[in-house]
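Student: One structure, as structure tokens, below. Some questions next.
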Amino acid sequence: MSRRRASMATFDLEPDDLAADDPGRHGEVFGGEVPDDGPTWGRKTADRLRAVPPRTWWSVSGIVAGTLALVGGGLLAAHLVTSHGREERLAAAPGGVLDVAAAMDQDAAWEVDADTGVLAVLAGGSVVVRDGADVLGVDAATGEERWRHTLGDLAECGPTPWSPAEWATPVDELVCLSGTDEDRTVTVFDAGGAVLGHRGLGDVAGAAVQAAADGMIVVVEPDGPVPAPRRFDSEQEAFDVVESGAFTGPGAVLRFEDALTGDVRSSVAAYFDPSASSLCLTWTDGTVELDFNSFSLVSSPGVVGFERCGVDVTWTPPVGALATSPRFGPAGDVTTVSSVDGGLAVIDADEVRTTLVDVDAHAADTEKTAPRVALDGLLLDPWATDGAIGPRVVAAESGIVALDPDDLAGDPRWERAWDWAHRAEPLRVRVHDVEVLVRTADVVLLRQYGELVGLDVTTGRELWRSRELVEDGGLWVAGAVTDGAEALLLTQGSDPASYELVRLDVANGEVLARARRDGSLDGSVGTVGGRMLLRTSPGDAGGGTDVEDGGTLVTRSPGSLRGSPLA
């Protein structure tokens, strides 16, 4: 825009600068950009996703007829190179598929039984699922079983991808925990399923243990005595106590151990903070209690998050602790994700602020603090891309703002004022009703509560708007993939036992095909090697099965993992 606005970004520590007028700084990619040099933001991702233009125009004049065959051969060769480049780009892109039409054809998809979604994406093209007491590696391209190990019904494996960027970044080692809490064992496998070793952990009943990245486990223990649950006479009394902060409890210590040797690679202490109160209250048999035993531990390849009454900490393998005990608010406090454009995004809904952390720069020089950039607004990281580097889209108080990824503090590329419901609500409320589902070289596809909106990626101009997919006043999207020209949306409506696949043209919003299928999308939706994978369960049409493992009752959730074929 021509108007100069207050900077959207502040820099805590800048990466090395290059002259902005360096003519060799950028290369055009479908209207998006792939940096050849300059700041390190997303450079590793950009290198992996480096794109080849989809078509090349040749201008030929004065060519005699005798050379046409040679030229024709050259055109064919160039087309094959371009097509191969497009396939490589989409196969590496978060949420990228080689062909949306093929991804939609679930009747042609391979299918395997799976009690879980994808537990890990491994180097070499395998994904890991659990089937009863077995953990198995499945070829993401064909569904062929590559290996299987029996670890029992209590097995948990990881690190499990949480964001589209992590689906596109396979890991070299799989870490699995098995056995009861009184006799837990950790086993490490390589990407081919070969066992690298075991270690007995003994009794971990007083701790939270989870598989982590880089062949580690994370062990979380309280740093003091855990109070007995406190029972209240009414919900209002419980809410009053929690809001006043008039209670105390232990903090927590997170240890990151080598899974096989037990060596502590790093640790972080999270001190008790009563404002971290999202998990403090539990309801049992009609009574409400202040409970310090309930917790949430999530471990992905890029982020580890632990939350318990009075404790909320986020840790990432390349950087360390990002936040401890942040304020809790109605929007759900702080979320940290691996961004499709590289690095980590720490999204603080209470402060309406996003901090981008350049983990690639930190990995290159661990003696220096990871460069960080603070954005005024909440980053809307796309669910799916076609590999082209595009703007960082942010939900700001003024509306939707697109920032230049190489000049986050400069003028926005474009802005769009809020033009839909909830305009008077605080941004932390409004932002729950807007998401970037797809970003291609040409289009940004938004979900705005009761509608889909296609925007020109370069100018922000509205290309189309549709309410065709609205059900019961809203639109619930569970997953999205793209091949650059089309998008496939997976929607879950009010019926938990069915879902719908919707194929549409991103340029004009035309719905090309729709298909409803039985099952609930309660598990993974992601892409590996240009193919869509999704896990479904029966929903209300079926239930879990209780089995006993070492005296512990476990509920198995029947379901299946499907992988889309190639066109």
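Student: What does the highest-first list of 147-156, 498-507, 182-191 look like by mean Cβ count within 10 Å?
Tutor: Ranking the peptides 147-156, 498-507, 182-191 by packing returns 498-507, 182-191, 147-156.
Student: So how compact is the range 177-311: Cα radius of gyration and Dmax in angstrom?
Tutor: Computed over the Cα atoms of the range 177-311, radius of gyration and Dmax are 17.4, 56 Å.
Student: So, one more: If ligands, DNA and RNA are left out, what is the accessible area of Val97 with a 1.4 Å probe, given in Å² to the nearest 10?
Tutor: Looks like 0 Å² after rounding.
Student: What order, most packed first, do the peptides 196-208, 477-489 have when packing is the mean number of other Cβ atoms within 10 Å of each residue?
Tutor: Per-residue Cβ counts within 10 Å, averaged per peptide and sorted highest first, yield 477-489, 196-208.
Student: Given labels modelled 7 Å from the Cα in the Cβ direction, how far is it in nm from Asp240 to Ser266?
Tutor: Once both label points are built, they end up 4.4 nm from each other.
Student: Still on this structure, please answer the following. With a 10 Å radius around each residue's Cβ, average the other Cβ atoms per peptide and rank 157-166, 296-305, highest first.
Tutor: The most tightly packed comes first, giving 157-166, 296-305.
Student: Quick check: convex hull of the Cα atoms in the range 207-248, volume per residue, rounded to a whole Å³?
Tutor: 123 Å³
The values are calculated or read from the model by the stated rules, or taken from the named source; none is laboratory data. Nothing here was measured: the structure is a model prediction, and the numbers come from that model. Positions of Cβ are backbone-derived with ideal geometry, glycine not excepted, and every protein chain shown enters the neighbour counts. Side chains included, ligands, DNA and RNA excluded: accessible areas come from the protein's heavy atoms. Shrake-Rupley method; radii C 1.70, N 1.55, O 1.52, S 1.80 Å.
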